[in-house]
Amino acid sequence: MVKINPASRHYRNSAMNDFAHQQRTNVEHLSDCGHNATGADLPACLFVQTVEQSPVAISITDARANILYVNPAFTQVTGYSVEEAVGCNESMLSDKRTPAAVYEGLWSTLQRREVWRGHLINRHKAGRPYLADLIIAPVMDEQGQTTHYVGLHRDTTELHALEQTVRNQKVLIESVIDALPMAAVLLDEENRVVLDNNAYKSLVSDLNVKEPVRLFLERLEADLGDEWSRLCGAHKPFRDKEVCIERGASRPARWYSCAGTWFVNGDDSVDAFFHSRRQTYLLLVLSDISRLKRQQEEIRLSAIKSLTAEEEKTGSLREALSAAIHQMQGPMNMLGAVKGMLERRGDPANTGLLDLLGQVLAQGEESVATLQACLPQGDSQAFVPVNLNRILRDTLEVETERLLAAGIEVDWQPSAVLPAVAGVESRLRSLFKQLLDNAIESMSRAGSRQRELRVGTAADGEVVRVWVEDSGPGIAPELRLKVFEPFFTAKGGGRRTGMGLALAQDVVNQHGGMIRVAPDCHQGCRMEVHFHACGDLAADRMAAHA
Ligand code: FAD
């Protein structure tokens, strides 16, 4: 081993020559072993020049880490000149802040004759600490003993600060997103989730789906139709798009208000290293508005309930007055017929009777006219596209208490997509209420133990079908047409006047539809109502939420 004289240029060269000689020996050794030693024919000085001119800080030490050689890049990184470094221990570079365990790991790796890679906190000669990214490799002699070490290191302080800033920002963004009370999810161009928050993760169990965002995208596409394609195509931000997510029969549906923002980012994949590519991301924010919706729904339902109660009162009054007019008209028709007959006979003896009959008839007609004037006027609402699923569901809600009290099990089967029907909501509500009331009454009257009410809708092309089916005693085949006649009642002197189905028929006629008792129904009664679809797309879409 050569004697160390840090100030001697000669030493540096002889140490380098030593090192080069060692390398050559290693290369020759490799050749002997049959390896392809490509550097074997190169002059030794080339190795020296390569190390000298390397832009990476290189140091060569003896087996105790005493520096034998440093290249100019080492001086640039550490601030120590050749003269200052050579002869000193590598530990002079230490800032004394690297944990002892790191050094222990370093040395135990080197003792196993393995290469150590890692980071150490060094101190520049000027006094400032810097982060050194280090590779230390043992150099072995022919007997496999470590004679030297070669160290390569670079200052990665800035890179580390940059990486740390990015990491901090990521943590900050993730914490902020996680703290949001609403679900947030970031999607790439293939709708893959890139980032999500805790509120989004909890949707997985709430909605019982693996990737909730798929459900939301499907719903937005179905509900917004062309508008959704336009928003996605132009990457236009959107907000307040309400989406209803069904959670099965036993759990109430959830409502979300969706907002989306698109932004463009540089692609960080290797493919985009030379040819920069842009990736478009969609940030979807989903706010649960179920509570608000429920409150709105309660307000709407209570308004419908009071409206229905009002309509029912008016309906009963109309029914009673119509019955009275009908009752009066029967005897008056008879009196009219008698008067006509007496007049035709022309017997002067009947003159007094004819006068009397005339007075009675005139008074009767006046009374009928008075009663007719008292008939409550029907509503004059305009026909609008109506979602029958919603009307039926509202009516069922209004009837909930009666259904529960009567112990009736309801099977509600709305069609997932139902075309709209042109109609007057209040009249259609009273029509369905009449059918439900009839079903409840007949099941309660018959005292059936099993009380089932099946209500459903379906679309057959242009025809929208509605059915209300009960498990009551049913209607005898010979009465299936008669039940729609005014004042026909099979209920034997009950509160009703027998105008219910006649009025229901009236409403169906006003809507250009058809109502009948299903002829093929052998158990219970199945009322079928058919309407023509008006083909309004907006109402079509509403149907899915009913
Ligand atoms: P210790 O690690 O206990 O060191 C005490 C002395 O013993 C030191 O002289 C150390 O070099 C030597 N020593 C410890 N264990 C062994 C062993 N198993 N075999 C031989 N000698 C041993 N450290 C830095 O902080 N920064 C650097 O840039 C750096 N570069 C290095 C480059 C090379 C090529 C080598 C071989 C080592 C390098 N080291 C570096 C490690 C350095 O030698 C010290 O181990 C380290 O700085 C800790 O020194 P210390 O005095 O605090 O304690």
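The values are calculated or read from the model by the stated rules, or taken from the named source; none is laboratory data. Computed from a predicted model, the values in this text were never measured in an experiment. In this analysis, Cβ positions are derived from the backbone assuming ideal geometry, glycine residues included, and neighbour counts consider all displayed protein chains. Areas reflect the complete protein model, heavy atoms only, side chains present, ligands, DNA and RNA absent. Shrake-Rupley method; radii C 1.70, N 1.55, O 1.52, S 1.80 Å.
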Quiz item: Would a scan of the stretch 86-108 turn up a residue that is open to solvent by less than 20 Å² (accessible area, probe 1.4 Å), within 17 Å of residue 134 (Cα to Cα) and either more than 11 Å from the ligand (Cβ to nearest atom) or in contact with a Lys or Arg (Cβ under 6 Å, 6 or more places away or on another chain) (or both)?
Solution: yes
Quiz item: Can you name every residue in the stretch 46-84 that is within 16 Å of the ligand (Cβ to nearest atom), over 16 Å from residue 154 (Cβ atoms) and either hydrophobic (A, V, I, L, M, F, W, C) or open to solvent by 50 Å² or more (accessible area, probe 1.4 Å) (or both)?
Solution: 60, 63, 64, 65, 67, 68, 82, 84
Quiz item: What are the residues in the stretch 209-226 that are at pLDDT below 90 and not in a helix (DSSP H, G or I), if any?
Solution: 209, 225
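One residue is enough: does the stretch 441-455 have a residue meeting the conditions part of a loop (DSSP other than H, G, I, E, B) and open to solvent by less than 50 Å² (accessible area, probe 1.4 Å)?
yes
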Practice problem: Find the residue count for the stretch 352-389, including only residues that are open to solvent by 90 Å² or more (accessible area, probe 1.4 Å) and either touching a strand residue (DSSP E or B) at 6+ places or on another chain (Cβ under 7 Å) or modelled with pLDDT of 90 or more (or both). | Solution: 7
Exercise. For residue 129, indicate whether it is at pLDDT below 95, surrounded by fewer than 16 Cβ atoms within 10 Å (Cβ to Cβ) and of a type outside the set (A, V, I, L, M).
Key: no
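A quick yes/no check of all residues on (1) surrounded by 13 or more Cβ atoms within 10 Å (Cβ to Cβ); (2) part of a helix (DSSP H, G or I):
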residue: 243; (1), (2): yes, no
residue: 250; (1), (2): no, no
residue: 281; (1), (2): yes, no
residue: 291; (1), (2): no, yes
residue: 296; (1), (2): no, yes
residue: 299; (1), (2): no, yes
residue: 302; (1), (2): no, yes
residue: 316; (1), (2): yes, yes
residue: 323; (1), (2): yes, yes
Practice problem: Give the residues of the stretch 255-279 that are open to solvent by 50 Å² or more (accessible area, probe 1.4 Å) and in contact with a Ser or Thr (Cβ under 7 Å, 6 or more places away or on another chain), sorted by residue number. | Solution: 255, 264
Quiz item: Of all residues in the stretch 403-419 being at pLDDT 90 or above and over 17 Å from residue 527 (Cβ atoms), which is least open to solvent (accessible area, probe 1.4 Å)?
Solution: 406
Quiz item: Which one is nearest to residue 71 (Cα to Cα), of the residues in the stretch 138-150 that are open to solvent by less than 70 Å² (accessible area, probe 1.4 Å) and either within 49 Å of the chain's Cα centre (by Cα) or more than 14 Å from the ligand (Cβ to nearest atom) (or both)?
Solution: 141
Practice problem: Kindly list, by first and then second residue, each pair from a residue in the stretch 75-91 that is in contact (Cβ under 8 Å) with a residue 24 or more places away in the chain to a residue that is away from the ligand (no atom under 12 Å from the Cβ) and aliphatic (A, V, I, L, M), limited to pairs with Cβ atoms under 7 Å and residues at least 6 apart or on different chains. | Solution: 79/126; 83/7; 87/4
Quiz item: Which of (1) away from the ligand (no atom under 12 Å from the Cβ); (2) exposed (fewer than 14 other Cβ atoms within 10 Å of the Cβ); (3) closer than 24 Å to residue 55 by Cβ; (4) among the hydrophobic types (A, V, I, L, M, F, W, C) does residue 166 not meet, given it meets every other one?
Solution: (3)
Practice problem: Among the numbered conditions (1) open to solvent by less than 30 Å² (accessible area, probe 1.4 Å); (2) closer than 22 Å to residue 50 by Cα; (3) in contact with a Leu (Cβ under 7 Å, 6 or more places away or on another chain); (4) more than 8 Å from the ligand (Cβ to nearest atom), tell me where residue 153 comes up short. | Solution: (4)
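Is it the case that residue 123 is away from the ligand (no atom under 11 Å from the Cβ), out of contact with any helix residue (DSSP H, G or I) (no Cβ under 6 Å at 6 or more places or on another chain) and more than 30 Å from residue 195 (Cβ to Cβ)?
no
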